[in-house]
Amino acid sequence: MILAASNLIAIAGAAMPIAAPQPALPDIAYVSALEPPLPPAPDDAEQARDGHSMSDPEHGGELRPDPETPPRIAGVDILAGGKLLLTNGVTTVEGSSGGGLARWATIGGRQMGGGIGLSAHATAIELADYGWQSYGVMLGIGDRVELSYARADFDTREIGALLGIGEGYTFNLDTFGAKVRVAGDVAYGETWMPQIAVGIEHKRSCNGALVQALGAVEASGTDYTLSATNLFLAQSLLVNATMRYTKANELGLLGFGTAAGAGYNLQFEGSLGYQLSRRAVVGAEYRSKPDNLGLGDDDWMDLFAAYALTDHVTLTAAFVDLGSIATFSGQRGGFLSAQVAF
Amino acid sequence: MLLTATAAALMLLQQAPAEGTDWDAEFGVEVKQRDPITGELPVDPYDQSNANAGATPYDNARLVEAFGGREGIRRIAARTVELSEADPRIAAIFAAHDTVRLKRTLGEQFCYLLGAGCDYSGRDMRTTHAEMGVTKADMNALVENLQAAMREAHVPFAAQNRLLAKLAPMSRDVVKR
């Protein structure tokens, strides 16, 4: 009897550690017990993406939270991603999510609702006579808000001497952007309904005295934008239209408005893109610009190809035609941009 | 020692529950039985209609061919569900549902929408996703799994997008938060 009792206690004791650390996924285990075995995966099926092996019925009940689950702070997913590839766009010359030249209604960063994302970019443009470099960062909040900062350096090279401002004189422009998605979704929702966003771009030229000498009235100014971007999936076609209310001369590199009285006017930016694959888009853009200073400030256009090397890295190459800049025409060349987004 | 013996004696004297007690009946648990042939759990009756598929079908034989016909479509749908069950981002949503039935109805829905000559026997998108709390990020994850399944089946990208074009507007009934 005593032996039996101690056996019982031993059994009970032995049972304890089994019962205590139950995996915290009882409903999954429950279902897998009821589930008949999965049919075998198709023979010709390749390994699932990212090296995940095909789902295995034997292990169906052993799903665990991803060990690389990104941090979640105060109910906000930090850099957790979630956007479909390329739906955060690439980065414009002014540091906003968009095409290369045109601002789109897309929100930068890879986060979705309830998440925070970050994006950084660097862009170089080689023109016939000038060189452009820009770089910046973007903060995405949910699928709703985008805040951006970009710095552009515009090198006049030998033209600087001809313009009397010195060879290699470089114009610098800081752009602080904000954009809010107000309606729609670029991919989802009614086919005809685009994603619509409003935004501002506050720009500050670092060459105040010079741009005022050139005829601009101010060294800083703010653009207001209204963008509509839609992906027509049945045609694999991305269409964007943006109205920009601006008084900037050459994006703001040459200041804002003119002493002669030219101020705000409405300009248009359009983009067309064709999706070749999940990762690749080719397309064209057009951007109208005012010629407030009478220096032959031309409309811009480009032919671009963007490729998502990974979920996080997107490269964009383009042929750009920026027309005439500061009276020197034929400013065509190459555009290269890299974006890293989380 | 005496205390231990008494405790042990009391434990042994406890009446064991009768063999074969139906604990589910005892606690009022209803267990749904899977259909022995289809392996699906029963669902409450509803009106069946192709309108439940949520969009009008294509009429394009080449598109059907790009998906490998009815059999190809069925496999892509089943594979999409399989990938999603194994996807840590959305597995929990699928774990709580009858994925045997889902594989069949999703296959029927794709087959109907692509104009491959199936009827859709499932429920409508609003009903099936009610109170599921699907987010847009969840839908993105499902789209990625569907894209992976279509890539595995070598469906050309433009044809993949044709199917997504039919599904994308359904987000209005699927995405709830």
Along each of the three principal axes of the Cα atoms of the range B:50-174, give the extent in whole Å, ordering the values from largest to smallest.
36, 29, 24
Testing the spin-label approximation: label points 7 Å from Cα along Cα→Cβ at B:Ala51 and A:Tyr274. State their distance in nm.
3.9 nm
In Å, the C-alpha Rg and Dmax of the range B:58-117 are 12.6, 37
Taking only DSSP H segments of four or more residues, each worth -39500 (n - 2.57), what value at 222 nm results for the protein assembly as shown once the sum is divided by all its residues, to the nearest 500 deg cm²/dmol?
-7500 deg cm²/dmol
Angle between the Cα long axis of helix B:69-85 and the longest principal axis of chain B, 0 to 90 degrees, nearest 10?
40 degrees
Size descriptor, Kirkwood hydrodynamic radius, that averages inverse alpha-carbon separations across the range A:214-342, Å:
16.1 Å
Where Rh is the Kirkwood radius over the Cα pairs of the range B:1-122, the temperature 25 °C and the viscosity 0.890 mPa s, what D in µm²/s does Stokes-Einstein return?
133 µm²/s
Let me know the mean shielding of B:165-175 by other chains, meaning the per-residue number of their Cβ atoms within 10 Å of its Cβ.
4
Alpha-carbon centroid distance for the pair the range A:284-326 / the range B:118-177, whole angstrom
35 Å
Its Cα gyration tensor gives the range A:77-341 an equivalent ellipsoid whose semi-axes in whole Å, largest first, are 31, 18, 17
State, in angstrom, two size descriptors of the protein assembly as shown derived from its alpha carbons: Rg to one decimal place and Dmax to the nearest whole number.
30.5, 111
Strictly over 22 Å apart at the Cα level, which of A:Lys179/A:Lys203; A:Lys179/B:Lys176; A:Lys203/A:Lys289; B:Lys136/B:Lys166; A:Lys203/A:Lys247 would you flag in this model?
A:Lys179/B:Lys176
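Values quoted throughout were computed directly from the atomic coordinates according to the rules given, and no laboratory measurement underlies them. Since the structure is predicted, the reported quantities are computational estimates derived from the model, not experimental observations. Counting neighbours? That spans all protein chains shown, and the Cβs are built from the backbone with ideal geometry, glycine included.
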